[in-house]
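The values are calculated or read from the model by the stated rules, or taken from the named source; none is laboratory data. None of the values given here were measured: they were computed from a predicted structure. Backbone-built Cβ (ideal geometry, glycine too); neighbour counts: all protein chains shown.
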Amino acid sequence: MRKAGSLLILAGAFACLVLACQSDAVITTTVKTKLAADSHVKASEINVDTRNAVVTLTGNVDSQEAKSRAIQLARDTKGVREVKDMIAVRTGPETGNAPDGDRMLGQRIDDATITMKVKSKLLDDPTVKGLKIDVDTRDGVVYLTGTVSGNEERRQAVELARKTEGVRDVQANWM
């Protein structure tokens with residue numbers, strides 16, 4: 001009898017874990033759908049991760065309005081207990097925001113090349129978990145966001161970005 005009781009408890013605990021994961025997946029999908037449907041937010045710029053009903057938003061957006069809207073959409077999603085904000089607002093080197101329309105085609109190509117080179121370095125480095133780091137470049141300024149495991153990984157990711165040709169500055173916002 002005792003063995004059967006232990007098995008039931010174990011099965012119940014496993015079911016709770018599975019249901020929580022499914023619930024987290026549903027929350028993530030719902031938040032992503034809301035972001036995609038919203039006219040103020042570019043969903044492709046924001047990563048959504050959910051663990052135990054806690055939503056973590058990471059990425060780089062063009063304005064404080066987009067950031068605030070994304071956070072509010074996540075908070076208003078059924079089942080969300082908490083929202084962790086790891087979204088960075090891009091700023092240009094001279095003044096406030098630097099939207100795409102203000103940049104020349106050559107700048108966009110150069111920035112895309114820098115992003116690709118930095119991401120490649122992060123993926124190739126054994127110290128850095130490159131898949132967990134988002135890279136975006138604006139006017140030669142590299143924005144790193146995401147999850148890192150410690151100071152060594154943080155330092156290495158920033159150093160790799162700084163040493164990339166064309167990079168003028170590196171801004172990092174870590175979880």
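Hey, can you tell me all the residues within region 148-165 that are touching a strand residue (DSSP E or B) at 6+ places or on another chain (Cβ under 7 Å) and either in the same structural domain as S44 (by TED's automatic domain parsing) or over 20 Å from T113 (Cα atoms) (or both)? Before the answer, list the steps.
Our first condition is that a residue be touching a strand residue (DSSP E or B) at 6+ places or on another chain (Cβ under 7 Å); within region 148-165, this holds for 148, 154, 157-158, 161-162.
Within region 148-165, V148, R154 qualify.
Considering only region 110-129, how many residues are part of a helix (DSSP H, G or I) and either in contact (Cβ under 8 Å) with a residue 24 or more places away in the chain or not assigned by TED's automatic domain parsing to the domain that holds V167 (or both)?
Restricting attention to region 110-129, the residues satisfying the condition of being part of a helix (DSSP H, G or I) are 110-124.
Of the ones still in play, those that are also either in contact (Cβ under 8 Å) with a residue 24 or more places away in the chain or not assigned by TED's automatic domain parsing to the domain that holds V167 (or both) are 110-115, 117-118, 121-122.
So the count comes out to 10.
Mind listing whichever residues of region 150-171 are surrounded by fewer than 17 Cβ atoms within 10 Å (Cβ to Cβ), out of contact with any Gly (no Cβ under 6 Å at 6 or more places or on another chain) and either farther than 17 Å from S120 by Cα or among the aliphatic types (A, V, I, L, M) (or both)?
G150, N151, E152, D169
Select, from S63, S68, S39, the only residue that is under 16 Å from D136 (Cβ atoms) and either at pLDDT 85 or above or surrounded by 13 or more Cβ atoms within 10 Å (Cβ to Cβ) (or both). Outline the logic, then answer.
Numbers: S68 fails: under 16 Å from D136 (Cβ atoms); S39 fails: under 16 Å from D136 (Cβ atoms).
The unique qualifying residue is S63.
Select, from T127, T147, T113, the only residue that is hydroxyl-bearing (S, T, Y), surrounded by fewer than 20 Cβ atoms within 10 Å (Cβ to Cβ) and under 19 Å from M86 (Cα atoms). Walk me through how you get there before you give the answer.
Numbers: T127 fails: under 19 Å from M86 (Cα atoms); T113 fails: under 19 Å from M86 (Cα atoms).
Result: T147 is the single residue among T127, T147, T113 that is hydroxyl-bearing (S, T, Y), surrounded by fewer than 20 Cβ atoms within 10 Å (Cβ to Cβ) and under 19 Å from M86 (Cα atoms).
Only one residue in T137, T95, T127 is modelled with pLDDT of 75 or more and over 14 Å from A172 (Cβ atoms). Which one? Full working, then the answer.
On the way: T137 fails: over 14 Å from A172 (Cβ atoms); T95 fails: modelled with pLDDT of 75 or more.
One residue alone meets the criteria, T127.
Examine region 77-88 for a residue that is closer than 21 Å to D139 by Cβ and modelled with pLDDT under 85, and state whether such a residue exists. I'd like the intermediate steps shown before the answer.
Narrowing region 77-88 to residues closer than 21 Å to D139 by Cβ: 87-88.
Next cut, modelled with pLDDT under 85 only: 88.
There is at least one residue in region 77-88 that is closer than 21 Å to D139 by Cβ and modelled with pLDDT under 85.
Residue-by-condition table, conditions (1) assigned to a loop (DSSP other than H, G, I, E, B); (2) not polar (S, T, N, Q):
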{"residue": "S23", "(1), (2)": "no, no"}
{"residue": "V31", "(1), (2)": "no, yes"}
{"residue": "S39", "(1), (2)": "yes, no"}
{"residue": "S44", "(1), (2)": "no, no"}
{"residue": "N60", "(1), (2)": "no, no"}
{"residue": "I71", "(1), (2)": "no, yes"}
